[in-house]
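Undergrad: Let me give you the structure first, and then I'll get to my questions.
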Amino acid sequence: MRAYYEKRAAEYDDWWLGAGRFEERERPGWYEDMSALIDMVLALTPARTLDLACGTGFLTRHLPGEVSGVDQSPSMIEIAAARRKDGAFEVGDALAPRPGFERIFSSHFYGHLDADQREAFLALPRDELVIVDSALRPESVAEDWQERVLDDGSTHSVYKRWFTAAGLLDEIGGGEVLHDGPWFVAVRSSIPRF
Ligand SMILES: C[S@@+](CC[C@H](N)C(=O)[O-])C[C@H]1O[C@@H](n2cnc3c(N)ncnc32)[C@H](O)[C@@H]1O
């Protein structure tokens, strides 16, 4: 997954924006749901926030407060840092503990983790945790190894899960549903971990 995302960085936002290879995908209601998701992010109370696996910073730029971002891909971090000029960005492992943040925010990362990695993720020190991920759609399975193709024709196997908001909330030990749309779900746990 790591090499795949480093290679994908320059074309990654095509997925969010429905450009390039995603132009012909049927995604009814995608832009409305993306816009509602961004509104949810903008409405969070300002906090000292760490965005884990921030990618290109597509959502990071909308996070209110003092923002740091970490991603294992140098190319992703370069794009994110250019987008959010007041942010502090670092190439590194998102599963390494980084104390001192009021909120951990993570979008479309948790659903790529295996059971051991999920346990490590949920044990990270933080006050508040906000997770954004892909909604389980009627036509989709709950987990899969996907065969993904990049613009250069290379193929990559990627593990991915899809969630109901209630299912994701249950998995993180309870809290609050922040967004429950046709494409995206977001949940918040306010149980601190130190
Ligand atoms: C699906 S992308 C999500 C990017 C961004 N959060 C978003 O929602 O657009 C997954 C990201 O996880 C990063 N990643 C994968 N494993 C990682 C790890 N162990 N530590 C840090 N970043 C990681 C990849 O480089 C990639 O940018």
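Read the figures in this text as sums done on the coordinates, not as results from a lab. Quick caveat: nothing in here was measured; it's all calculated off a predicted structure. Please note: Cβ atoms are built from the backbone with ideal geometry, for glycine as well, and neighbour counts cover all protein chains shown.
Undergrad: Provide the net charge surrounding Asp144, with neighbours chosen by a C-beta distance below 10 Å and charges set as Lys +1, Arg +1, Asp -1, Glu -1.
TA: Net charge around Asp144: 0.
Undergrad: If I model a spin label as a point 7 Å beyond the Cα along the Cα-Cβ vector, how far apart are those points for Ala88 and His156 in nm?
TA: If labels sit at Ala88 and His156, their model points lie 2.8 nm apart.
Undergrad: Let me ask you something else. List the relative contact order of segment 37-107 as a percent without decimals, with contacts defined as Cα pairs under 8 Å and 6+ residues apart. Provide the component values of the computation, followed by the final result.
TA: Details: 145 pairs, mean separation 25.2, N = 71.
Taking the mean separation of contacting Cα pairs over the length of segment 37-107, I get 35 percent.
Undergrad: Test of understanding: express the Cα radius of gyration of segment 72-166 as a ratio to 2.2 N^0.38 Å, with N the residue count.
TA: The reported ratio for this selection is 1.23.
Undergrad: When only DSSP loop residues count, what GluC sites (Glu not before Pro) in segment 133-194 have their Cβ near at most 13 other Cβ atoms within 10 Å?
TA: Taking segment 133-194 and a limit of 13 other Cβ atoms within 10 Å, the loop GluC sites (Glu not before Pro) found are Glu139.
Undergrad: Where does segment 2-189 land on the Kirkwood hydrodynamic radius, alpha-carbon pairs, in angstrom?
TA: The answer is 16.8 Å.
Undergrad: Which of Ser107, Ser140, Ser73 moves most in a GNM of the chain, Cα contacts under 10 Å?
TA: Residue with maximal mean-square fluctuation among Ser107, Ser140, Ser73: Ser140.
Undergrad: Looking at segment 1-55, which GluC sites (Glu not before Pro) are in a loop (DSSP not H, G, I, E or B) and have at most 15 other Cβ atoms within 10 Å?
TA: Glu23, Glu24, Glu26
Undergrad: When the chain is fully extended, how far beyond the present Cα-Cα distance does Glu171 get from Ala142, taking 0.36 nm per residue of separation?
TA: Computed gain between Glu171 and Ala142 is 9.1 nm.
Undergrad: Which whole-Hz ³J(HN,Hα) couplings does segment 118-126 yield from phi under the Karplus relation 6.51 cos²θ - 1.76 cosθ + 1.60, θ = phi - 60°, glycine and proline marked x?
TA: For segment 118-126, the Karplus curve yields 5, 4, 4, 4, 6, 8, 4, x, 5 Hz.
Undergrad: Identify, among Phe163, Trp183, Phe121, the residue whose Cα sits farthest towards the positive end of the charge dipole of segment 2-189, taking +1 on the Cβ of Lys and Arg and -1 on the Cβ of Asp and Glu, with the dipole about the Cα centre.
TA: The listed residue farthest towards the positive side: Phe121.
Undergrad: Can you tell me how much longer the chain between Asp116 and Ser190 gets when fully stretched, taken as 0.36 nm per residue apart minus their C-alpha distance, in nm with one decimal?
TA: Here the answer is 24.4 nm.
Undergrad: So which trypsin sites (Lys or Arg not before Pro) in segment 1-105 pass both tests, a DSSP loop state and at most 15 other Cβ atoms within 10 Å of the Cβ?
TA: Taking segment 1-105 and a limit of 15 other Cβ atoms within 10 Å, the loop trypsin sites (Lys or Arg not before Pro) found are Arg25, Arg48, Lys85.
Undergrad: Still on this structure: Summing +1 for each Lys or Arg and -1 for each Asp or Glu, what net charge is found among the other residues whose Cβ lies under 9 Å from the Cβ of Thr60?
TA: +2
Undergrad: Quick one: putting +1 on the C-beta of Lys and Arg, -1 on the C-beta of Asp and Glu, what dipole do you get for segment 1-121 around its Cα centre, in Debye to the nearest 20?
TA: Dipole magnitude for segment 1-121 comes out near 220 debye.
Undergrad: Summarise the long-distance tail of P(r) for segment 1-101 by giving the % of C-alpha pairs beyond 18 Å. Display every interim value, and only then the final one.
TA: On the way: 2600 of 5050 pairs.
I get 51 percent for the Cα pairs in segment 1-101 exceeding 18 Å.
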